[in-house]
Amino acid sequence: MKIEITITSRRNARILEARKLKRRPYREEKGRFLLEGIRGIEDALNTGARIYEVMASPYLFRNARGCALYERLVDAQIEVYGVTEEVLEYVADTDTPQGVVAIVRIPDTGLCLQGFPLILLADEIRDPGNLGTLIRSADAFGLAGVILSGDVVDPFNPKCVRATMGSILRVPLQSFKRVEDSVKFLKTHEFRIVASSAKAKTLCYDYDFRGRCGILVGSEAHGLTRDVLKLCDEAVRIPMIGDAESLNAGVAGSILMYEAYRKRQTD
């Protein structure tokens, strides 16, 4: 299977427009982001995300999975533009984008607070890998959504999108300027807020995460302030036996989400 190459120049207007989406202000202005790779675009199709257009190079057709993706895109009547490998790498954030990059609408989803949901609150998470890990874990352990606050990395940053492995399209996100606002928002909906703190007396294994519960994880560098901890109902820590002083936010948050998931499966 082959694709006709119709774009060969980096200066092509469509390519220049797509490349602008590497910048956060432009993503927010347009409500669109770049999605790279076969797996990511398969997830976009599976979740019904709005795909505006796709750029594909001959590299996409090196295996059956790439060919199948192309057929799905054609069947869905999504415009696919043939580009050279050089042009695709110019648009993509990685050196090996698997021969395909899509422009996708940023999901417009709200949190579902009905029943007894579990929510993650992520404050001041600036590393895209950590935030991507948290969103991916939230998806894996059935959380109802993630609330972002403070000076947080854009979840639609290309590195963060890759780290989510498609979960960015499945996990509802909501943002607040201050962590205090996100905590108060959940408390008005009768949530208990459990903070992650290395200095907490209560072990995470001893806390009952059932019911309407929010897990609050702070920044990689500074954690949570005393004032923020006072707003929470409880603080818990993850016991460690090695010499490491702490875990990064992605790992710590993932452990707490799993423990909450485990506890909520018991009667």
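Every read-out reported here was derived from the displayed coordinates using simple, explicitly stated rules and does not represent laboratory data. Keep in mind the model is a prediction, meaning the values are calculated, not measured. Note: ideal-geometry Cβ built from the backbone for every residue, glycine included; neighbour counts use all protein chains shown.
In table form, for the structure just shown:
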item: Any hit, region 128-142, residues being part of a helix (DSSP H, G or I), of a type outside the set (Phe, Trp, Tyr) and in contact with an Asp or Glu (Cβ under 7 Å, 6 or more places away or on another chain); result: yes
item: The lone exception for Leu60 - which of (1) in a helix (DSSP H, G or I); (2) surrounded by fewer than 13 Cβ atoms within 10 Å (Cβ to Cβ) it fails; result: (2)
item: Options Arg237, Arg212, Arg226: the member that is under 22 Å from Thr266 (Cα atoms) and out of contact with any Pro (no Cβ under 8 Å at 6 or more places or on another chain); result: Arg237
item: Region 239-262 residues that are free of Cβ contacts under 8 Å to residues at least 24 places away in the same chain, paired with ones that are surrounded by fewer than 16 Cβ atoms within 10 Å (Cβ to Cβ) and among the β-branched types (Val, Ile, Thr) (beta carbon under 8 Å, 6 or more apart); result: Leu247/Ile255
item: Close pairs from region 92-111: first on the phi > 0 side of the Ramachandran plot, partner assigned to a strand (DSSP E or B), Cβ under 8 Å, at least 6 apart; result: Gln98/Glu36; Gly99/Ala56
item: Any hit, region 68-82, residues being touching a residue at least 24 places away in the same chain (Cβ under 8 Å), among the acidic types (Asp, Glu) and in a loop (DSSP other than H, G, I, E, B); result: no
item: Qualifying residues in region 29-58 (those that are free of Cβ contacts under 8 Å to residues at least 60 places away in the same chain and in contact with a Phe, Trp or Tyr (Cβ under 9 Å, 6 or more places away or on another chain)) - the one farthest from Ala92 (Cα to Cα); result: Glu53
item: Residues of region 17-33 that turn out to be under 16 Å from the mean Cα position of the chain (by Cα) and farther than 17 Å from Cys160 by Cα, as a count; result: 0
item: The listed residue being in contact (Cβ under 8 Å) with a residue 60 or more places away in the chain and buried (at least 23 other Cβ atoms within 10 Å of the Cβ), out of Gly142, Gly132; result: Gly132
